[in-house]
1. Could you compute the FRET efficiency for residue B:187 and residue B:101, with r as their C-beta to C-beta distance and R0 at 30 Å, rounded to 0.05?
2. Using the Karplus equation 6.51 cos²θ - 1.76 cosθ + 1.60 (θ = phi - 60°), what ³J(HN,Hα) coupling, rounded to whole Hz, does each residue of segment B:148-156 give in order, writing x for Gly and Pro?
3. Based only on Cα atoms, what Rg/Rh ratio does the protein assembly as shown have, Rh being taken as Kirkwood's radius?
4. So which residue, out of A:100, A:136, A:286, gets the largest mean-square fluctuation from a GNM of chain A using Cα contacts under 10 Å as springs?
5. Take the Cα atoms of segment A:236-319, build their convex hull, and give its volume per residue in Å³.
6. Under 18 Å from the Cα of residue B:373, which lysines turn up, not counting those fewer than eight places away in the same chain?
7. Top mean-square fluctuation among B:106, B:70, B:54, Gaussian network model of chain B, C-alpha springs under 10 Å?
8. Can you find, among B:59, B:69, A:266, the residue farthest towards the positive end of the dipole of the protein assembly as shown? Put +1 on the C-beta of Lys and Arg, -1 on that of Asp and Glu.
Amino acid sequence: MDRVIIVEVLGREGSVSHRVRLDGSASVGRAYDNDVIVDDPFVDPHALVISTSEDGTIVVRDLGTTNGVFGPGGRRLTESSVVGVGDVLRVGRTRFRVMLSSTPVPPTLDDEQGRLSALASRGLALPIALLAFLALWSITSYSNEIDDFTVAVLLTELLGLLVAFAIWAGAWALGTRLASGRAKFGEHATIALAVVTAAMPVALVTSLFSFLWPGDVTDLVSLASGIGIGSLLVYWHLGVASRIPRLRRGVVATSIVLSLVGVGYLAGTIDPEPEAPVQSALGAFLPVPAELIPTAGLDEFLDDATNELASDLEDKAAS
Amino acid sequence: MEGRRVATLALTVLTAAARLPSPVAAQLGEAEAIFSRHSSSVGKVEVFEAGAGAPAIVGTAFFVADGLMATNYHVVNDAVYDPSRFSANVLMSDGSRHDIAVVAVAAPVDLALLSVGVNRPALTLADAEPERGAPLYSLGHPADLAQSVVVGTFNGPVQHRASPLFHFTGSLNPGMSGGPTMTANGSVVGVNVSTAGNQLSFLIPAERVSALLREHGAGTGVARTLLEQVEEQFVRLHDEFVGTLVSDGLPSTRLGDFEVPTGLDRYLDCSATRIDDEDDLYEALRHQCEMSDYVFTTQHESLELLSFTHFVIDSDELSPFRFQTLYEQFFQNLDGWLPGSTDDTTDYSCERGNVDGGAAKLRVVLCARKNTKLPSLHDVFVRSAVLGGARSGVVSTLRISGSPLTKARELIAEYLQGFRWIE
């Protein structure tokens with residue numbers, strides 16, 4: 001039977017600070033004659049002994065410590081206690097665990113985070129994202145301008161936007177710096193530019209949908225695409241800023257965006273503007289030839305609309 | 001100082017009177033007689049909010065029958081909507097004060113009947129219109145001052161209205177609402193109701209007071225609350241006038257590249273203007289029609305019964321994409337279009353769609369709010385835009401107040417069919 005044990009002394013954050021590999025048993029304490037020497041003033045010179053039996057059971061024996069030896073859940077271990085593989089134990093203020101050489105390790109992680117980060121950190125990524133953004137933004141800005149379109153107007157707008165991008169990327173860089181020591185400002189700036197650039201054609205497509213089929217369904221599609229884009233943005237930033245695994249990162253990103261949307265919605269519900277429902281019903285317009293625009297018959301539309309309104313208003317009056 | 005100024009002013013008027021040609025002087029002489037003969041039949045109505053020491057609203061009322069006075073609905077509508085919070089009384093010219101109760105209303109014409117626990121001689125209601133230019137004398141309490149008499153002339157009925165009004169050239173001021181305007185022989189031609197400033201004042205025809213008195217005498221509406229009466233009156237009003245508008249058909253008029261619905265002269269006052277700013281890359285024409293009737297279907301708000309506005313917009317300079325941005329801004333602009341929020345209505349609900357109006361495809365947004373005290377009445381807002389124009393279009397707004405949804409629907413259908421491209 002396997003009698004090789006590995007004692008892992010854990011650091012503050014739960015990561016392994018050092019490992020000792022031993023055959024059969026290990027003595028743990030502050031004194032230098034121990035197998036595992038612990039630098040902790042709350043640990044006795046000779047604190048405990050770990051041993052394995054024939055069947056692989058791990059036994060911890062307290063040698064009469066001043067402050068006690070504790071198992072999972074703060075259970076105090078008596079003179080001789082059986083503990084499980086990987087249980088986090090504590091003596092003094094030091095946490096440790098015991099593994100066997102046969103203990104399986106988790107599967108190797110896919111370094112997808114590295115790739116995402118790499119995509120944004122390639123030498124040309126930032127200039128390409130910036131150029132794409134500038135090009136699309138200029139077109140959008142031109143189509144949205146109903147007065148004379150001048151370079152001065154465009155430059156003023158762009159200056160404001162670039163400052164906003166810099167603040168946004170700077171905030172993420174600060175967070176990244178605190179979490180991992182490197183700021184990665186260039187990557188964050190690239191990510192923000194790339195996602196906002198991608199959002200512009202998506203917005204055009206969703207507004208085309210709401211133009212052709214104005215209604216609650218297309219509203220939902222627009223909202224969903226907005227949430228999707230927002231989540232992608234946060235997901236990508238988080239990938240560069242942290243080592244949160246992919247799935248959890250997706251959940252975190254979506255939850256952040258959803259809660260922002262929720263807060264916005266609640267703010268609208270708490271202090272509703274009387275014209276808010278009217279405002280939100282007035283949608284976008286696009287240059288589509290009349291023959292391509294699907295329409296309902298006048299009577300059909302008016303019948304449906306007045307029925308819907310009647311029952312809606314009945315509910316509102318009742319509440 | 002103050003006293004001297006008043007004295008000087010009085011002197012100016014007196015001097016002026018002395019120099020006036022004799023018919024005017026005669027009219028002013030009549031005023032004196034009218035005032036001394038009839039002022040005892042006229043009182044000042046004061047509406048108090050519970051706990052308040054001063055009146056919230058001041059108006060005028062006059063005796064039309066035994067123990068019954070007439071005034072404007074808008075003077076006493078607080079007491080109709082919220083009788084637990086508002087009470088009203090009347091102060092007669094002899095200084096006596098009496099409680100009053102609203103016993104009947106004609107809300108669309110802005111009249112109310114009050115019962116008073118005292119009697120004064122009832123004024124005679126004229127059964128025919130006087131000649132145009134006939135001198136008239138109006139009694140009331142302008143700006144909460146002592147009872148005054150105002151002189152003017154009769155100028156016949158006003159157009160563009162669902163409920164008729166007479167034009168009177170005397171200066172009516174707030175506080176005179178509900179007071180009588182009479183001929184030299186003391187028969188009441190109309191009830192003071194509103195003013196558009198500068199001797200442009202309006203009277204409710206006395207014949208409407210007689211009608212309300214007859215209804216009240218016949219016991220019509222006795223079984224119903226006042227609010228139920230108000231609701232039913234507006235339903236009837238919309239029945240009648242939407243019926244007429246729809247059966248006659250809304251006429252249309254040319255505006256830029258479009259034909260758009262316009263109004264019948266009898267009911268609607270229409271005007272058109274060009275909005276042309278040199279800096280703009282577009283031209284716009286505005287065509288507006290409205291009824292001058294105001295409806296009081298909530299306690300604090302009065303709205304036009306019906307109005308609509310078209311903006312025809314076109315541009316040679318904007319690209320189709322930029323034109324649509326402009327068009328969208330016109331379509332989405334709500335500044336000054338929606339009445340504010342009120343306790344007596346729900347907020348708006350809206351339905352929208354692309355609709356085939358028959359002669360043009362339209363984006364239509366149809367919004368309505370429901371009156372919670374008068375539950376069959378709605379305020380309706382319709383925003384529409386003709387679709388498919390690369391560089392021109394028409395954005396329109398239709399507002400209907402105090403209407404059943406079904407009646408509004410009929411009118412909207414008629415209206416939306418009136419949009420057409422001119423080839």
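The values are calculated or read from the model by the stated rules, or taken from the named source; none is laboratory data. This structure is a prediction, so every number in the text was calculated from the model and none was measured. Every residue, glycine as well, gets a Cβ built from its backbone with ideal geometry; the counts of neighbours run over all protein chains shown. For the accessible areas, the whole protein counts, side chains as well, though only heavy atoms, and no ligand, DNA or RNA atoms are used. Shrake-Rupley method; radii C 1.70, N 1.55, O 1.52, S 1.80 Å.
1. On the way: r = 27 Å, r/R0 = 0.90.
E between residue B:187 and residue B:101, to the nearest 0.05, is 0.65.
2. So the Karplus estimates, Gly and Pro as x, are 10, 10, 10, 9, x, 10, 7, 10, x Hz.
3. 1.22
4. Result for chain A, Cα springs under 10 Å: A:100 fluctuates most.
5. On the way: hull volume 17.9 nm³, N = 84.
Given the Cα convex hull of segment A:236-319, per-residue volume reads 213 Å³.
6. A:316
7. Residue with maximal mean-square fluctuation among B:106, B:70, B:54: B:54.
8. The residue sitting most towards the positive pole is A:266.
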